[in-house]
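Notes for the one structure printed next.
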Amino acid sequence: MELRHITKRYLENDVLAVRDVSLALHAGEIHALIGENGAGKSTLMKIAAGLLPEYDGEVKSDAGKVCRLVQQHPQFIPQHQVWENLFLGIEPRTRWGMIDQDAAARRFSALAGRYAFPVEPRMRAERLSAAQAQLAAILGALLHNPDILILDEPTAPCSDHETALVFGMMRDLRNDGRAVVLITHKLREVMEISDRITIMRHGRVVRTLLTADTNPGELSSLMIGEDCQRSESDRRFSFARRDSGTTARTPLTDQQDPATAAQQTSPPPSLRAVDPAQPVFELLKVSLVRRGRMLLENLDLRLYPGEILGITGIRENGLEYIEDILSGSAEPSSGEVRIQGNLPTRYTPRVFRKLGLAYIPTDRLMRGASLSSTVEDNMILLERKRFGRGGLLNRRASASFSAALQQKFGITAVLGKPMHTLSGGNMQKVILSRELSQNSPVVVFSEPSWGLDFRSSQRVHDEILRLSAEGVGIILISSDIDEILSLADRIVVMYKGSFARTLHGSDRVRDTIGGLMLGIESEMSLAAPEDHNHDSSKEPGQ
Amino acid sequence: MSQSQPDSRMQVAVATIGAALLLTVLLLISVSSTPYAAVRAFFIGPFSNRFYLGNMLNVFSMLSITGLGMAVAFRAGVFNLGGEGQVYVSALTATVAGIALASLPALLGLPIALLVGVFTGAVIAGLSGLFRHLWDTDELITSFLIASASIPIVDYLIVGPLNDQASNLLTTERVPLAFRLPRLLAPSQLNPTLIIALLLLAAAYVALFRTVRGYEWRLSGLNRQFARYGGIHTGAYIVFPMLVSGALHGLAGGLFVYGTHYATLVGFTAGLGWNGIAVALIAKRHPLGVVPAAAAFAYLESGARIAMLHTDFTFELGTIIRAVIFLFVTASVLPKLGISTRVGRSIRLLFRGGSA
Amino acid sequence: MVRTRIRRTQISLLYGALIVLLSTLLLGCAPAEDAAIDRPYSVAVFVPGVVEGSPTYEMLVEGVRRAVDESGNATVRIVEGGFNQAEWAGGITSLAATGSYDLIVSSNPSLPEIVNEVSQSFPEQHFLVLDGYWEGNPRLRTVMFNQREQAYLNGYFAGLVTTGGMPDSNDALRIGLLAGQEYPMMNQVIRPAFLEGAQAVNTDIELDFRVLGNWFDAGRAADLANSMLDRGVDVILSIAGGGNQGVIATARDRNAYVLWFDSSGFHHGPGVVIGSSLVKLDQAAYERTLEAIEGSLEFGVGEVLGVADGYVRFDDQDPNYIEYVPEDVRARHADLMQRLMDEPMEFAIPGAN
Amino acid sequence: MIYYAIEVMAPLLLAGLGGLFAELAGVLNIALEGMMLAGAFAAIVTASLTGSILAGMLGGLLAGLLLAYLFYFVGIRMRANIFIVGLAINLLAAGTIPFLSSAMFGTKGVLRLPNVPRMPGLFVGVETGFPLLDQILFGHSFGVYLTVPAVLLAGFVLRRTAFGLRLRSTGKNPETLRAVGLNPDRYRRAALLISGMGAGLAGSLLALRLGVYLPNVSAGRGWIALVTIYLGYKRPVGVLIAALCFALAEGVSVAAQGVLQIPGTLLLSLPYILTVVAMIVYSAMRRVAPSDA
């Protein structure tokens, strides 16, 4: 397939997403497409897959060649079974016009078995974990027997294990003489799997090169477009000092003065009164049972001021539920949650927030934002009461408040426009700005850099470190081991709804974590004793 | 936004309204033996004298209140399909209260009677909200069913125990003379309900778009999950909007009695609740949009009624014309008229949609 | 491009609507309604409902038209007020407000009070209301029919039927009455007089009274009729507007009998509808309107017309009646008619002032 | 009573099943009422013209279809507000039918046309020895026997065919259809047309059972049919049960008028009250004992 001089302008927001791009895809090759968010990768590939009808330029491909795109957030109908979702439009039929469910199941199982994808065809789609949904979506594309398969961030929700499965599948297709395109942010993956790499920036192709001829440093500077002082590998080193246990961290804000603008509208930070020896957040023997299934079992956890506690694992091993427990979105079946020593009266986000918790959710589109409301309305969510004067909403005050936040966090957006006009990175910044404007002593981050480009996730990480330096207790839920390793002081690994192990210091090795996530390491004896928390002796029940 | 967009919207709006009116004229001409008189009665009739003008304004004020009652529910993402019954039941309770309190001074008795109506409507609609909150039953269906169940009960009470023995109408006794709202354009039915309706619309606009509660209210309607995440008590914003919606319908019922009919007659609401839904939808759920929508509705209804009285225009013809105009207006104008929270645009809407 | 698409669809919609319009034009010609220039005496008929489909209002219109035609010196306009009684006052007011009618005619028990109130604002306007009663308003003339006698006639006939007068009469002494809605005249006059008439035949006869809830749901009317027949009813007086059709359908299926009220209903179900009480509303409307045109009508009074006056009757001339009803039953009923001719029944009019 | 309940149920069920298709395709068809009315009118007219019950039912079906197409054109093609379109179509039916009736037959009232055949009863007089069973199974009017195949067919089409899968997917998320190159509007149209046919057929049953057309003969049954869809949790069998429940409640209310000393008008609210109670009890039970389904 060949794309020639493709230009795409979105009429709705007048954005020139792709500018005069030409790109050739070869059979028998894995082609990585990298670039920051908004570089035009996804748009270009949608055009290649024929999903965007109106564009300038030419897409040349041989007749009969099938091109399938697996989008970043697979859209399934949650109430339908997996196979019903995947076979939509290509239902095998019996003579009488019925769907041949057996044939469908056979085809599905054959494919899933071939790549060892752990997806059940008769499961309801809503019960799929994010990773399973991703794998299912890939299977759905494969059912069409594509000659060209485009994968947009396929490994975002995947653990190492699932990533390996996806890569195996990609190699298999390549060896079968098909073309595979991988859109990703993860340079490590790019280096591992691809044959060729195209870097895009601001809607243009910067360069296409052979993987063998390049290195991550070069790629990231090409992506960012300037000589980046800290390549990805550098970044990891810069965080390595955290392992020493000292608190010699400096806030990594790159904008100093605008911060004062927001400071004026914010109340003085309330967290100064925090006693560093008292936990700001505790889980005590928390379990969650739903429909007779034990989703979370007997979790104990203590978070101290200034600490970054990382929780990682494969998502369906409880990460999605612990997010709900930590944020007050779900009520534990047993056990209790304490925020700054207080028991919540009810398990609702409202009460948790009152007790001093801020929360950046995984699901930014539904939970984290109201897409049809304005950016400003999204920003003032938590401060709304403050702009009430005798019940009336003081629009002038709320506007200056959100303008200050916008400046402080460097958000590129028009405040009066609906939230859905924002890019993913800006949307996350809006959410961050809102949550952090509260100066809460506890902040829960769940998958804060999912789907963000390098620079955006860098900013998020900087914020996390800055908060920690200010003495905020932080829980970081992430299935990205690198993110956890680079940021967290302590790491809790979840496996099947329990905390498999708490790691700090020298235990914090990638392979160890990877093994724990998969439940392999739990049997292996690790030298570290089971003192999860430095104050475990204080708790007689421990 | 580029400059050309509002212009083209304007053109489309004018074109559709023009087409709808043209169609109405054609319909009138084609079926009437006195086409000129029919067209004149239909279009000019409502403005031709105090009586018709006042009646039209009265229809407008009633529809504004029920339309607003629907719009506020829609804004919170809940659906009240029982407005018709709520108006009816509340009218009855307000009537009964007024008759029972006849010995009180009007300044005390009338507000109490109206409040009884408001309370009745709020309870009936609030029940559906509460059921949804407690047991997750669809408030759209339960509000419809509860209203449907209450209508025969009211019918029975009017014909049976509460019947005015001195009248051959299916009606309750009339409310005390002192309680009745004064007529503004006698002998038309226009009464201070108009002022109350306009005040309510303005108040609803301020409450929804200029207050913290209104912010929470709208947010709950737009994205309940987000609202809950932001610490908004979303359960309350299911029950509360239903209560308010019911209360507005209850007020409409009370005012219908004390302003217009002075009694509750069997079936006298005649689509007030249903039309309120249409008004709210045509108004795009916006309190300020309710004004042109209700005005257009009242105009059409009055025009049809007058044409019926003075020419060979028939009841069915009025129905057909309204249906055709619905189809036209909703099909092409309204999706193009985006209503934002900005006052300026809303005011522009007033002018733009005013003749719809 | 988007805009042109909208235009195109709009235009096509317009054309579609035009086609619909033209086809309706071809199908139906509007009833001719001459707007005469000279109007020595103009009459407006306010129909509290819809004329077509309502025998009472058809009689009203027919009677007034006949009077107008005959006088040769008058015009008439028919105005339909719709079914919502709350809007009747507005309709009457609108007509009176025009000031262009010498007489407004209407018909319904509830109209006199409405008219009385409206006439306070328009003291020059004259009204004639049939099927209603009012005394003392100097511009209002009412004509009432003795509905007690009318219901009694039906009841007596029903009594004859259920006591074995017809081939398909059963042993149970139960008669049925289906009402569209409950209203004062129904509850205070028709229902008791119907039972009274039946019990004049046999004091053991019971009445099964049902309410439809509206005047159109024939499906439910059929179910109600079925339920009545299940309980031993063999003859039903149906006063339920369109709902009567449901009663007929059920009665035909299950060999039961239906009685009609106000107009002759035999043609609706030969052999099923076996009795009809009549009110000569057309006659009264004709006579009183003609008197009004000639200037001889007395206002301010209310008259009550009954069997003895010849305005309330039982339709004993219809061929179906003669064909399906046994002679002895007809004879016994004729005796009753004669009795009522000689001794009119007292009639307490509900809501009379 | 069971016997009549089943007769009452039949039109509700047909309209409800039709509406179910529209609902599953994501279109709330509140015009069922108007479509039923049109179906009733057209059924009597065609039955009178042809002298055939079947032709009458076909006529009713086509009338529903016609309005459904109008619904599709304005509501889906023109992207109008579905609710207003529904109201408009109800108004259109309520206005046009008396207009046509008056123009063609000279009356807006009861339309008694010559030559309209009676709806035949099937299996009249068949007995098994179990009276209850006999009431349920035998002697019903012809149309009633259409309902059982209709439920089975609806279930089969929705669950087992590609068309059904796509239709259900349209209602849940039309984007998924677009993603595989299918046009969701096609399935919305099909669903609306099916709902029109169901409602039109239901209307024809109402009218042909009586042998006449009456203004407002549908008497709110279109709305009740809509309720049965929700009450039946959007499944064909659920709609069947819901329609039966409502019909039984109606039957109780009709029968109770003759037995109880409660005023008849008051009893008319019974079906609605029973339905609300059933709905709440069912929802509350689901809450208490959550199943995995």
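The values are calculated or read from the model by the stated rules, or taken from the named source; none is laboratory data. Note that the structure is a prediction, hence the values are computed from the model and not measured. Cβ coordinates were reconstructed from backbone atoms using ideal geometry, including for glycine residues, and neighbour counts include every protein chain displayed.
Below are the figures for this structure:
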item: Those residues of the stretch A:143-165 which are assigned to a helix (DSSP H, G or I) and either among the hydroxyl-bearing types (Ser, Thr, Tyr) or surrounded by 22 or more Cβ atoms within 10 Å (Cβ to Cβ) (or both), in sequence order; result: A:GLU162, A:THR163
item: Strands (runs of 3 or more DSSP E) fully within the stretch A:423-542 counting 2 or more residues that are at pLDDT 80 or above, assigned by TED's automatic domain parsing to the domain that holds A:ILE308 and within 29 Å of A:SER287 (Cβ to Cβ); result: A:442-446, A:473-477, A:490-495
item: Close pairs (8 angstrom Cβ cut-off, 6 or more residues apart or separate chains): without any contact (Cβ under 8 Å) to a residue 60 or more places away in the chain in the stretch C:325-341, in a helix (DSSP H, G or I) anywhere; result: C:ARG330/C:TYR321; C:ARG330/C:ILE322
item: Residue satisfying condition, being touching a residue at least 60 places away in the same chain (Cβ under 8 Å) and outside any helix (DSSP H, G or I), within set B:GLY67, B:GLY77, B:GLY85; result: B:GLY77
item: Members of the stretch A:82-126 found to be of a type outside the set (Val, Ile, Thr), away from every other protein chain (no Cβ under 12 Å), without any contact (Cβ under 8 Å) to a residue 40 or more places away in the chain and in a loop (DSSP other than H, G, I, E, B), listed by number; result: A:ARG95, A:PRO118, A:GLU120
item: Odd one out for A:GLY416 among (1) assigned to a loop (DSSP other than H, G, I, E, B); (2) buried (at least 16 other Cβ atoms within 10 Å of the Cβ); (3) at pLDDT below 80; result: (2)
item: Verdict on D:GLY139 being in a helix (DSSP H, G or I) and surrounded by 15 or more Cβ atoms within 10 Å (Cβ to Cβ); result: no
item: Among the residues listed as A:PHE401, A:PHE352, the single one being outside any loop (DSSP other than H, G, I, E, B), within 9 Å of chain B (Cβ to nearest Cβ) and crowded, with 22+ Cβ neighbours inside 10 Å; result: A:PHE352
item: First in the stretch D:77-94 and more than 7 Å from chain B (Cβ to nearest Cβ), second anywhere and among the polar types (S, T, N, Q) and assigned to a helix (DSSP H, G or I), Cβ under 9 Å, 6 or more apart; result: D:ARG77/C:THR9
item: Any hit, the stretch B:260-281, residues being more than 8 Å from every other protein chain (Cβ to nearest Cβ), aliphatic (A, V, I, L, M), in contact with a Pro (Cβ under 9 Å, 6 or more places away or on another chain) and touching a residue at least 12 places away in the same chain (Cβ under 8 Å); result: no
item: Residues within the stretch B:185-212 that are within 12 Å of another protein chain (Cβ to nearest Cβ) and small (Gly, Ala, Ser), tallied; result: 4
item: The stretch B:153-162, subset in a helix (DSSP H, G or I), surrounded by fewer than 24 Cβ atoms within 10 Å (Cβ to Cβ) and within 7 Å of another protein chain (Cβ to nearest Cβ), residue modelled with the lowest pLDDT; result: B:VAL159
item: Residue count, the stretch C:196-231 (criterion: assigned to a loop (DSSP other than H, G, I, E, B) and at the interface with chain D (Cβ under 10 Å from one of its Cβ atoms)); result: 7
item: Filtered residues of the stretch C:317-345 (kept if assigned to a loop (DSSP other than H, G, I, E, B) and within 14 Å of C:GLN150 (Cβ to Cβ)); result: C:PRO344, C:MET345
item: Of all residues making up the stretch A:322-349, the number that are closer than 29 Å to A:LEU452 by Cβ, outside any helix (DSSP H, G or I) and small (Gly, Ala, Ser); result: 3
item: Unique residue being buried (at least 23 other Cβ atoms within 10 Å of the Cβ) and within 14 Å of chain B (Cβ to nearest Cβ) when the list is C:SER100, C:SER106; result: C:SER106
item: Count of the stretch B:215-235 residues which are assigned to a helix (DSSP H, G or I), surrounded by fewer than 22 Cβ atoms within 10 Å (Cβ to Cβ) and at the interface with chain A (Cβ under 7 Å from one of its Cβ atoms); result: 3
item: Sole exception among (1) free of Cβ contacts under 8 Å to residues at least 12 places away in the same chain; (2) more than 7 Å from every other protein chain (Cβ to nearest Cβ) for A:LEU392, by number; result: (2)
item: Residue identified as away from chain C (no Cβ under 14 Å), assigned to a helix (DSSP H, G or I), at pLDDT below 85 and over 17 Å from D:GLY200 (Cα atoms) among D:LEU49, D:LEU132; result: D:LEU132
item: Qualifying residues in the stretch A:57-75 (those that are surrounded by 13 or more Cβ atoms within 10 Å (Cβ to Cβ) and outside any loop (DSSP other than H, G, I, E, B)) - the one farthest from the chain's Cα centre (by Cα); result: A:GLY57
item: Residue ID - nearest to the chain's Cα centre (by Cα), chosen from residues in the stretch C:70-97 that are more than 8 Å from chain B (Cβ to nearest Cβ) and farther than 20 Å from B:HIS310 by Cβ; result: C:GLU70
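Here is a yes/no grid of residues against (1) closer than 24 Å to D:MET119 by Cβ; (2) within 13 Å of chain C (Cβ to nearest Cβ); (3) in contact with a Cys (Cβ under 8 Å, 6 or more places away or on another chain); (4) part of a helix (DSSP H, G or I):
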residue	(1), (2), (3), (4)
D:ALA202	yes, yes, no, yes
D:ARG209	yes, yes, no, yes
D:ALA219	yes, yes, no, no
D:VAL227	no, no, no, yes
D:TYR230	no, no, no, yes
D:VAL237	no, no, no, yes
D:LEU266	no, yes, no, yes
D:VAL281	no, no, no, yes
D:ARG286	no, no, no, yes
